[in-house]
Every structure is written in structure tokens, then in C-alpha cells.
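For reference, the structure is listed below as C-alpha cells.
The values are calculated or read from the model by the stated rules, or taken from the named source; none is laboratory data. Because the structure is predicted, anything quoted here is derived from the model rather than measured. Backbone-built Cβ (ideal geometry, glycine too); neighbour counts: all protein chains shown. We work out accessible area using only protein heavy atoms, side chains counted, and drop any ligands, DNA or RNA first. Shrake-Rupley method; radii C 1.70, N 1.55, O 1.52, S 1.80 Å.
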Amino acid sequence: MIKVLNQKAEEARITLRKHREEVWEEIQEAEKSGKIGEDDKFSGKNKLQEVIDEYNAKIESIRTKKEQEIMTI
């Protein structure tokens with residue numbers, strides 16, 4: 001059960017990374033097309049990373065909680 005739990009957590013992290021790359025590409029395209037400036041691009045990158053870090057922490061928190069539940073059963 002724990003092995004499956006860890007696999008699902010890793011799948012969630014992979015999906016999160018894919019979304020991060022998609023958003024980063026959109027930010028870069030917006031900068032290239034002149035919609036945003038270079039400062040906004042890096043500000044967006046920092047905000048994006050903050051959100052990703054927050055969700056990675058949530059994934060780990062949920063995984064840890066479920067692992068404890070599994071171990072007590």
C-alpha cells in the first residue's frame with residue numbers, strides 16, 4: 001500500500017512539473033511578444049515557483065498523513 005501511495009505522490013509531482021513548464025513557456029512567450037517586460041517575466045517565474053513549492057508541500061503532507069494512517073491499520 002505504501003508503495004502505491006509513493007507512486008501516486010510522485011505522479012502528482014510529475015504532473016505539477018509539467019504544468020510549471022507549460023506556464024513558464026507561456027510567460028516566456030509573453031515576454032518575447034512584448035506583452036510583459038523582463039522584470040515581469042522573472043517576477044512571474046518567482047511567483048510560479050512559490051506556488052509549485054506550496055503544492056509540493058501539500059502533496060508531501062498528504063502522503064505523510066496517509067502513510068501514518070496505513071501504518072496504524
(message) Which one, Gln49, Leu5, Ser33, projects farthest toward the positive side of the charge dipole computed for the chain from Cβ point charges (K/R +1, D/E -1)?
(response) Leu5
(request) State in Å² the accessible area per residue of the chain; use a 1.4 Å probe, count heavy atoms of protein chains only, and round to the nearest integer. (result) 80 Å²
(request) Estimate the FRET efficiency between Lys32 and Asn56 by the formula 1/(1 + (r/R0)^6), using the beta-carbon distance for r and 25 Å for R0, to the nearest 0.05. (result) 0.30
(request) With a point put 7 Å past each Cα toward its Cβ, work out how far Thr64 is from Asp40 in nm, to one decimal. (result) 3.8 nm
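Given a 1.4 angstrom probe, I'd like the percentage of the accessible area of the chain that is carbon and sulfur, rounded to a whole number.
Values: 3080 of 5820 Å².
The computed percentage sits at 53.
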(request) Could you give the size of the charge dipole of the chain about its Cα centre, using +1 on the Cβ of each K and R and -1 on the Cβ of each D and E, expressed in debye and rounded to the nearest 20? (result) 400 debye
(message) Just to confirm the number: angle between the C-alpha axis of helix 38-72 and the first principal axis of the chain, 0 to 90 degrees, nearest 10?
(response) 10 degrees
(request) Read through the labelled values (i) 35, 27, 18; (ii) 57, 16, 9; (iii) 28, 27, 19 and report the label of the one computed as Cα extents along the principal axes in Å from the structure. (result) (ii)
